[in-house]
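The values are calculated or read from the model by the stated rules, or taken from the named source; none is laboratory data. Source: prediction; values computed, not measured. No Cβ is skipped: glycine too gets one built from the backbone with ideal geometry, and neighbour counts run over all protein chains shown.
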Amino acid sequence: MLHTPHLRARRRRTAAALLASAVSACLVAAAAPPTPLGVGDRLFPHLGNPGYDVAAYDLSFTYSGSNSAPLEAITVIDAWATADLERINLDFAHGRVHSVDVDGDPAEFTGAGEDLVITPEDEVDQGDWMRITVRHTSDPVYTGGRKGGWVRTADGLAMANQADAAHLVFPCNDHPSDKALFTIRVTAPDGHTAVAGGLPAGVDRAGGATTWTYRTRHPMATELAQVSIGRSTVLRRTGPHGLPVRDVVPTRHREALEPWLEKTPDQIAWMEAKVGRYPFETYGVLLADATTGFALETQTLSLFERKLFTDPAYPRWYVESIMVHELAHQWFGNSVTPRTWSDLWLNEGHATWYEALYAEETAGRPLADRMKAAYGVSDRWREAGGPPGAPEPPASGSKTGIFRANVYDGAALVLYALRQEIGHLAFDRLQRAWVSGHRDGTAGTTDFVRLASQTAGRDLSGFLQAWLYDAKTPPMPGHPEWKSQVPAPAAGQPAAAGGAADE
Ligand SMILES: [Zn+2]
């Protein structure tokens with residue numbers, strides 16, 4: 001749910017209330033030191049924070065021209081308190097905090113775990129709006145094996161926050177269940193170009209630097225924010241129904257990349273034919289001059305590493321299907337955001353599904369072949385990473401470790417089984433109903449199971465329970481001959497790389 005920010009002055013406490021709360025504050029302070037909180041995500045217990053709902057972020061970054069120097073930043077958060085709050089926890093774990101204001105008054109702050117714990121001068125009451133302003137640095141250099149957030153490119157920076165790295169870049173409620181509108185402002189020295197998700201909302205040039213402002217028209221999860229700063233060119237074209245498409249490419253590679261970029265409008269039209277209207281105000285691809293090892297569906301501006309498009313080792317059909325994978329995420333994962341990280345299969349299973357379907361329809365690579373191969377290894381994926389609906393927690397130190405094959409081809413296999421069970425027509429209706437019914441919202445596995453049953457006109461909870469949660473892969477409807485294989489199919493098959501090379 002999205003609340004429109006409406007700020008009002010908070011009432012000051014009376015002297016008596018102040019006195020009373022001063023006493024209780026001392027007791028509370030003595031009894032409960034600031035602690036990291038979370039929204040109870042099974043896989044990331046400390047992500048997100050209870051007690052408020054963010055409506056809007058306004059992020060301002062000042063880039064020095066060096067991608068190894070911290071950026072100066074101001075993060076302004078408009079949020080609505082859903083509980084009485086003596087303290088406000090934000091997720092923020094990398095960078096220095098200079099100051100914090102709550103509704104214009106200076107507030108005390110301290111770190112606890114990966115949280116920034118703020119004690120406002122006045123307690124925030126349930127139902128109040130609050131505006132939190134944090135002045136801080138945003139450091140693109142990580143040590144100790146921590147990855148994510150800023151990605152340093154050959155000519156600047158890009159962003160890759162999934163799953164839990166947005167709070168390495170800016171203070172936030174870093175969980176996909178709390179989506180918000182974003183305004184992103186970047187000031188960079190002349191010669192650089194900055195682009196962020198959403199549409200441009202102003203360019204100001206002054207004193208050898210330029211400030212670009214971008215604004216989203218749809219709510220976005222923190223993990224899906226994108227900011228590109230570099231010696232880049234922005235190429236504009238038009239997608240279906242006049243959709244503005246803009247791609248961001250390193251200027252020196254522009255010509256080599258153009259044959260790939262011009263495929264996007266047709267890919268959007270292909271996806272629209274499958275599931276309905278593209279859900280956002282713009283789309284495009286950001287080709288970063290960096291070795292990331294993944295592509296990422298950042299909202300309205302998907303991130304890819306340039307090498308995917310310029311290294312002839314990647315087959316053409318494979319590159320195109322990965323482009324469609326990230327495009328499909330704009331519906332599945334971005335417009336409809338997972339309620340918890342255990343619902344990740346809804347993102348990756350669907351993106352893998354359309355990736356594979358596109359390869360079938362445009363490159364003659366049968367979906368059934370890929371699904372049969374997946375069936376052969378599915379039991380071992382479940383053993384290694386848990387069943388698709390209940391992935392194992394990431395190994396410590398590797399928080400992106402939930403992106404395993406069980407939620408890619410392993411979850412596409414669940415969708416294939418469902419289509420086998422209910423037929424193509426009901427399956428297509430389900431997909432369309434899912435993205436239209438939950439547009440701009442969050443939804444979880446139980447919502448999907450319920451909608452599947454409604455759409456098919458019969459109870460599918462037992463069927464999907466087994467496919468999503470059992471340790472062993474159930475028999476495939478219509479393919480009793482499909483068997484679990486030992487050992488795995490040959491490594492290096494591009495189809496299987498979906499789980500490893502792409503997020
Ligand atoms: Zn993906």
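Does Thr442 meet the test of being in contact with a strand residue (DSSP E or B) (Cβ under 7 Å, 6 or more places away or on another chain) and modelled with pLDDT of 95 or more? Yes; evaluated as a whole, the condition is true for this residue.
A search for C-beta distances below 8 Å between a residue of the stretch 443-455 that is assigned to a strand (DSSP E or B) and any residue that is among the aliphatic types (A, V, I, L, M) and modelled with pLDDT of 95 or more, counting only pairs 6+ apart in sequence or on different chains, returns Ala443/Val336; Ala443/Leu346.
Of all residues in the stretch 388-429, those being within 16 Å of the ligand (Cβ to nearest atom), buried (at least 24 other Cβ atoms within 10 Å of the Cβ) and assigned to a loop (DSSP other than H, G, I, E, B) number 3.
Per this entry, Asp369 is not counted among residues that are surrounded by fewer than 24 Cβ atoms within 10 Å (Cβ to Cβ), in contact with a Ser or Thr (Cβ under 6 Å, 6 or more places away or on another chain) and modelled with pLDDT of 95 or more.
Among the strands (runs of 3 or more DSSP E) confined to the stretch 200-244, the ones with at least 1 residues that are among the basic types (Lys, Arg) are located at 209-215, 232-238. The stretch 42-160 holds strands (runs of 3 or more DSSP E) entirely within its bounds, and those carrying 3 or more residues that are in contact with a strand residue (DSSP E or B) (Cβ under 9 Å, 6 or more places away or on another chain) and under 27 Å from Arg231 (Cα atoms) map to 52-62, 71-81, 129-138, 149-153, 156-160.
Suppose the filter is among the acidic types (Asp, Glu) and either at pLDDT below 95 or outside any strand (DSSP E or B) (or both); does Asp174 pass it? Judged against the criteria, Asp174 is a match.
Screening the stretch 249-360 for helices (runs of 4 or more DSSP H) wholly inside it with 1 or more residues that are within 15 Å of the ligand (Cβ to nearest atom) and either surrounded by 24 or more Cβ atoms within 10 Å (Cβ to Cβ) or not assigned by TED's automatic domain parsing to the domain that holds His192 (or both) returns the ranges 264-275, 307-310, 316-331. Arg382: part of a helix (DSSP H, G or I), farther than 17 Å from Arg42 by Cα and either free of Cβ contacts under 8 Å to residues at least 60 places away in the same chain or out of contact with any strand residue (DSSP E or B) (no Cβ under 8 Å at 6 or more places or on another chain) (or both), yes or no? For Arg382, the condition - part of a helix (DSSP H, G or I), farther than 17 Å from Arg42 by Cα and either free of Cβ contacts under 8 Å to residues at least 60 places away in the same chain or out of contact with any strand residue (DSSP E or B) (no Cβ under 8 Å at 6 or more places or on another chain) (or both) - is met.
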